[in-house]
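Visitor: Have a look at the structure that comes next, please.
The values are calculated or read from the model by the stated rules, or taken from the named source; none is laboratory data. Everything numeric in this text was worked out from a predicted model, so none of it was measured. Cβ placement follows ideal geometry from the backbone for every residue including glycine, while neighbour counts extend to all protein chains displayed. Note: accessible area is taken over every heavy atom of the protein model, side chains too, but ligands, DNA and RNA are not part of it. Shrake-Rupley method; radii C 1.70, N 1.55, O 1.52, S 1.80 Å.
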Amino acid sequence: MAKAVRAGGDREARQRPPAEDVHAAELARLRAEDSAPRPPGWQLSLQAVRRFICGDGATPAKVVCAPALVERAMVTLATSRALLLIGEPGTAKSLLSELLAAAISGCSTLTIQGGASLTEDQIRYGWNYALLVAEGPSPRALVPGALHTGLSAGRIVRFEELTRCPLEVQDSLLSVLSDRVLAVPELTDADGMVYARDGFNLIATANTRDRGVNEMSAALKRRFGFETVFPIADLEAELALVQREATALLARSGVPRSPDPEVLELLVTCFRELREAVDTEGTGMERLSSVMSTAEAVSVAHAIGVKGHFLRGDAGQPEDIVACLAGTAAKDDAEDLARLRRYLDQRVSRRSGAAWRQLYAARHLLTPQ
């Protein structure tokens, strides 16, 4: 009979460890070496946080973005103004917020996942109803939410997909971000007010495609510093990131090999052309309505590696790109399959090289089976 694994007991079995665990040794090294001044409540100086995210020579950058963006984000958080990271889906906004929280607070798991069903109670605090009935409102019966914990412990709180939340949930942040206090009216005396400790702040993310879903009020916008995270501009940088991330995902899936470099270059090139609606020769082309992001390219590279290893015993073939793209391109608009077919017929067909010819020959796989 298999043994039950205790929560948190088998750290190696976790599919997605938080950044502070993945990079624990590096964070410990940076803390030991860090002699620069730190903002109150921060575990690292701004200089060390920048080295952690952007690379320091000993380790590569964890997010491909302009160092100036990271610097502006850190300054915003150090001035106690909340930070809003906006951009197209798949541009690593969530990863950047996780890395910032891990470096600044040593904890990235105080996370609120935005959505239409989110309520104020879920982000602030709730109650253990058995204790509430037995004892009435008391600190022992209170179940702190992410905001309550972040305020009282002096930690960064992450709010994912802020603009997908109802307006009343968004507006509940106003007093917290302005007065740095959370009222608990059910409790009396000092227990009824939770004041922010040094180190508390909030990092929110929002997709530009979701603007207008629940547009933020002007009052809430004033309490945030806005930073736009753009897609990766450099092909080589994007290729290296997809290679690194896909290799890590494949290892966690039991695949002991890296993606085939030639297949990976085809994949990233196709994604960039379809995303930017411009081919490598600078000629304009149709843009897909689906999001052809770097994160999506990593997912497709992961799927190609899994398929090749477990079904054929190889690292993936060019034809696998077409098979995986069929599912990627059909997410938002069925017409995207026709656009993708025209891309293969009009652009890929003219490319030289055996791999490009294999990719073109597999165009029939776009037909749903």
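Visitor: Per residue, what accessible area does the chain have, given a 1.4 Å probe and all protein chains present, in Å²? Please list the in-between numbers first.
Guide: Working: 17810 Å² over 369 residues.
Ligands and nucleic acids excluded, the figure is 48 Å² per residue.
Visitor: Extent of the chain along each principal axis, from alpha carbon coordinates, in Å, largest to smallest?
Guide: Extents along the principal axes: 75, 53, 44 Å.
Visitor: Which whole-Hz ³J(HN,Hα) couplings does segment 244-261 yield from phi under the Karplus relation 6.51 cos²θ - 1.76 cosθ + 1.60, θ = phi - 60°, glycine and proline marked x?
Guide: Listing the rounded values in order: 5, 5, 5, 4, 5, 5, 5, 4, 5, 8, x, 9, x, 9, 7, x, 4, x Hz.
Visitor: Amide H of Phe159 versus every other amide H placed in the peptide plane: which residues, excluding those fewer than 5 positions away on the same chain, fall under 5 Å?
Guide: Sorted by chain and number, the residues that satisfy this are Ile112, Ile203, Ala204, Thr205.
Visitor: Based on the Cβ-Cβ distance from Ser35 to Ala66, what FRET efficiency comes out when R0 is 25 Å, to the nearest 0.05?
Guide: Details: r = 26 Å, r/R0 = 1.05.
Once the sixth-power term is evaluated, E becomes 0.45.
Visitor: Okay, next question. Under the rule of -39500 (n - 2.57) per DSSP H run of 4 or more residues, summed and divided by the residues of the chain, what mean residue ellipticity at 222 nm is obtained, to the nearest 500 deg cm²/dmol?
Guide: Working: 17 runs with 163 residues, N = 369.
Helix contribution divided over all residues of the chain: -13000 deg cm²/dmol.
Visitor: To continue, here is another question. Could you sort 129-136, 54-61, 273-280, 96-103 so that the peptide with the highest average Cβ count within 10 Å comes first and the rest follow in order?
Guide: Details: 129-136: 11.5, 54-61: 13.4, 273-280: 16.9, 96-103: 25.9.
Peptide ranking by packing, descending: 96-103, 273-280, 54-61, 129-136.
Visitor: What spacing in nm lies between the two simple spin-label points modelled at Val75 and Leu365, each 7 Å away from Cα in the Cβ direction?
Guide: Once both label points are built, they end up 4.8 nm from each other.
Visitor: Using 0.36 nm per residue of separation minus the Cα-Cα distance, give me the extension gain between Asp171 and Ser289 in nm, one decimal. Each step should come with its number before you reach the end.
Guide: Numbers: separation 118, 0.36 × 118 = 42.48 nm, distance 3.17 nm.
Taking Asp171 through Ser289 to full extension adds about 39.3 nm, to one decimal.
Visitor: In the chain, what % of DSSP beta bridges are antiparallel (nearest 5)?
Guide: Values: 7 of 24 bridges.
If we restrict to bridges inside the chain, about 30 percent are antiparallel.
Visitor: A further question on this structure: Whole-Hz Karplus ³J(HN,Hα) for segment 19-33, in order, using 6.51 cos²θ - 1.76 cosθ + 1.60 and θ = phi - 60°, x for Gly and Pro?
Guide: For segment 19-33, the Karplus curve yields 4, 5, 8, 4, 10, 4, 5, 5, 5, 5, 5, 5, 5, 5, 8 Hz.
Visitor: For Glu335 and Ala219, compute 0.36 nm times the residue count separating them, minus their Cα-Cα distance, and round to one decimal in nm. Write out the running numbers ahead of the final one.
Guide: Values: separation 116, 0.36 × 116 = 41.76 nm, distance 3.99 nm.
Stretched fully, the Glu335-Ala219 segment lengthens by 37.8 nm.
Visitor: Highest first, please rank the peptides 201-209, 110-118 by the mean number of other Cβ atoms sitting within 10 Å of their residues. The partial results should precede the final answer.
Guide: On the way: 201-209: 22.6, 110-118: 16.4.
Listed from highest to lowest mean packing, they are 201-209, 110-118.
Visitor: Can you compute the modelled spin-label distance between Arg14 and Arg209, with each label point 7 Å from Cα toward Cβ, in nm?
Guide: 2.9 nm
Visitor: Now for a different question. Could I get the Rg over Rh figure for segment 121-231? Both from C-alpha atoms, Rh via Kirkwood, rounded to two places. If you can, show how the numbers build up before the last one.
Guide: Values: Rg = 15.7 Å, Rh = 15.3 Å.
Ratio of gyration radius to Kirkwood radius: 1.03.
Visitor: Then there is this: With label points built 7 Å along Cα→Cβ from the Cα atoms of Tyr129 and Gln113, find their separation and express it in nm.
Guide: 2.2 nm
Visitor: Please report, largest first and rounded to whole Å, the three semi-axes of the ellipsoid equivalent to segment 233-364, where each semi-axis is the square root of five times an eigenvalue of the C-alpha gyration tensor. Let's see the in-between values first.
Guide: On the way: eigenvalues 103, 47, 42 Å².
Sorted largest first and rounded, they come to 23, 15, 15 Å.
Visitor: Using a 1.4 Å probe over the heavy atoms of the protein chains, calculate the carbon and sulfur portion of the accessible area of the chain as a whole percent. If you can, show how the numbers build up before the last one.
Guide: Details: 9390 of 17810 Å².
Within the chain, the accessible surface is 53 percent carbon and sulfur.
Visitor: Sticking with this one: Calculate the FRET efficiency for Glu120 and Ala354 from the Cβ-Cβ distance with a Förster distance of 51 Å, rounded to the nearest 0.05. Walk me through the numbers on the way to the answer.
Guide: Values: r = 59 Å, r/R0 = 1.15.
Once the sixth-power term is evaluated, E becomes 0.30.
Visitor: Give me the angle, in degrees from 0 to 90, between the Cα long axis of helix 318-329 and the longest principal axis of the Cα atoms of the chain, rounded to the nearest 10.
Guide: Computed tilt is about 50 degrees.
Visitor: Full-extension gain between Phe310 and Asp345, please, as 0.36 nm times their residue separation minus the C-alpha to C-alpha distance. Write down the numbers at each step before the final one.
Guide: Details: separation 35, 0.36 × 35 = 12.60 nm, distance 3.01 nm.
Answer, rounded to one decimal: 9.6 nm.
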